[in-house]
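Visitor: This is the structure, below, for whatever I ask next.
The values are calculated or read from the model by the stated rules, or taken from the named source; none is laboratory data. Since the structure is predicted, the reported quantities are computational estimates derived from the model, not experimental observations. Please note: Cβ atoms are built from the backbone with ideal geometry, for glycine as well, and neighbour counts cover all protein chains shown.
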């Protein structure tokens with residue numbers, strides 16, 4: 001989301017940092033997924049980009065390499081399960097996610113839950 005906005009606006013990391021009052025090094029670390037920005041940083045970036053903070057924070061979290069690695073690891077673990085356990089583990093994961101969605105008002109996925 002940030003990279004797309006930067007491309008659209010013709011803005012460099014340095015420019016964005018100046019506009020938001022944060023260092024270009026912070027922008028670089030954030031874009032590479034090396035660090036998750038503080039709420040203060042997200043707030044400043046969201047103001048510059050003209051979007052709300054929760055939307056930007058969610059986009060940054062969803063696109064983080066660390067999250068993608070964990071998702072890949074989870075898929076690898078599921079792939080290694082003997083078939084007789086797969087459905088049981090899948091049902092437990094689905095139930096846990098649905099429970100969290102209900103308890104924390106996390107937006108439910110638009111994908112079919114099976």
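Visitor: Identify the residue in the range 1-54 that is in a loop (DSSP other than H, G, I, E, B) and over 17 Å from the mean Cα position of the chain (by Cα) and, among all such residues, is surrounded by the most Cβ atoms within 10 Å (Cβ to Cβ).
Guide: 22
Visitor: Further question: Of everything in the range 1-53, what is modelled with pLDDT of 90 or more and at positive phi? Give them in sequence order.
Guide: 10, 21, 50
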